[in-house]
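Here the structure comes first, spelled out in structure tokens, and everything after it is commentary.
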Amino acid sequence: MAKVLVTGGSGFIGGYVLRHLAQNGHQVTNFDMLSKPVSGVREVIGSILDRTLMAELVKEHDAIFHFAGFANINKVKDDPVACLELNIMSTAYFMDAVKRTDKLFFLASSVYVHDDNGHFYTTSKLCAEKVCRNYHQLFGTGSCLLRLGTVYGEQSRHEDVISLFVKRALQKQPLMIHGGGTQVRNFIHGEDVARACGLALTRRGEDGVQTLILAGEADVTINDLALKVQSLIPGTVISHQPAAQRVKDYSGAIEGLTETYHALQWRPQVGIDEGVKRMIGHFRQ
């Protein structure tokens, strides 16, 4: 069993990963600005921009899962510099600490880094990936890029479209779709991300920079999702609105899913139907 450092373990996705690793016997440390005690998990409160503290924590652990950062995409426009600093510089600090070691470094990235949509969040993730690749080119430092699809789950911040649709439907409010509703998402439950991370930890790939695509196989449009919620919560009204003023929406086919499924001998287990039903049950409690 490994000694694993999870940054952002008090948050949404990091929390799923942290709990899964701890439940499977790993010695886990949660490095976060916020305290959220989990049985059997050590907590270290601090900033991912505290380079000295980060270097000390790296020495104590075999692997690092880096989920902390500027994660709320809808608030990036309010402070783009903070987004760039947190997501890029923290990665650089970690990579510098793990260079010339056999530590495993896993970076939480996005399947949309290839999409030129003019968004600071995806720019920050693309730059963080490039930092990992540069450290490999210059120092031979290995890393694993975890490109995540649209993650959701009962333990989320409930600002994702699945949560918003379910909450509105249960409150007898219309589901608001801006534009044509043909935007595609590859939804994946946090539990499936956590399972994949556990497998990635034990099935180390070749030295270098490995990329794993952690996303659902099904392409689900926003229209599809709305109809699914409507079928499960009778009486739900769907309302199409003019497209909101926003940067270009995420789009484009996701490549590498099959290769990741094969490499990890893994497939998502929580399908979108079950996931929506779970979310309905969560909000009805």
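Things worth noting here:
- Scanning the range 118-137 for residues that are in a loop (DSSP other than H, G, I, E, B) and either under 15 Å from the mean Cα position of the chain (by Cα) or crowded, with 16+ Cβ neighbours inside 10 Å (or both) turns up just one, H119.
- Among the residues of the range 37-53, those that are under 17 Å from V4 (Cα atoms) and assigned to a loop (DSSP other than H, G, I, E, B) comprise P37, V38, S39, G40, V41, G46, I48.
Matching residues to (1) over 20 Å from the mean Cα position of the chain (by Cα); (2) more than 17 Å from A2 (Cα to Cα); (3) of a type in the set (G, A, S):
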site: H26; (1), (2), (3): yes, no, no
site: D32; (1), (2), (3): no, yes, no
site: A55; (1), (2), (3): yes, yes, yes
site: E60; (1), (2), (3): yes, no, no
site: A63; (1), (2), (3): no, no, yes
site: S109; (1), (2), (3): no, yes, yes
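- Residue in the range 73-93 that is modelled with pLDDT of 95 or more, closer than 11 Å to T7 by Cβ, in contact with a strand residue (DSSP E or B) (Cβ under 9 Å, 6 or more places away or on another chain) and part of a helix (DSSP H, G or I) present: yes
- Test result for S156, of a type in the set (G, A, S), modelled with pLDDT of 90 or more, assigned to a loop (DSSP other than H, G, I, E, B) and at negative phi: yes
- Search result, residues across the range 255-282 that are touching a His at 6+ places or on another chain (Cβ under 9 Å) and either loosely packed, with under 15 Cβ neighbours inside 10 Å or within 15 Å of L146 (Cβ to Cβ) (or both): E255, P268, Q269, E274
- Residue check: Q183 meets all listed conditions (1) in contact with a helix residue (DSSP H, G or I) (Cβ under 8 Å, 6 or more places away or on another chain); (2) closer than 23 Å to A128 by Cα but one, namely (2).
- Boolean, V151 is crowded, with 19+ Cβ neighbours inside 10 Å, modelled with pLDDT under 95, within 16 Å of the chain's Cα centre (by Cα) and under 28 Å from L225 (Cα atoms): no
- Where G40 falls short, out of the listed (1) small (G, A, S); (2) surrounded by 17 or more Cβ atoms within 10 Å (Cβ to Cβ); (3) in contact with a helix residue (DSSP H, G or I) (Cβ under 7 Å, 6 or more places away or on another chain); (4) within 26 Å of G190 (Cα to Cα): (2)
- Odd one out for G15, checked against (1) outside any helix (DSSP H, G or I); (2) at pLDDT 95 or above; (3) of a type in the set (G, A, S): (1)
- Extreme residue, surrounded by the most Cβ atoms within 10 Å (Cβ to Cβ), among residues of the range 167-205 that are more than 25 Å from S143 (Cα to Cα) and among the basic types (K, R): R185
The values are calculated or read from the model by the stated rules, or taken from the named source; none is laboratory data. Owing to the predicted nature of the structure, the values given are computational and were not obtained by experimental measurement. Every residue, glycine as well, gets a Cβ built from its backbone with ideal geometry; the counts of neighbours run over all protein chains shown.
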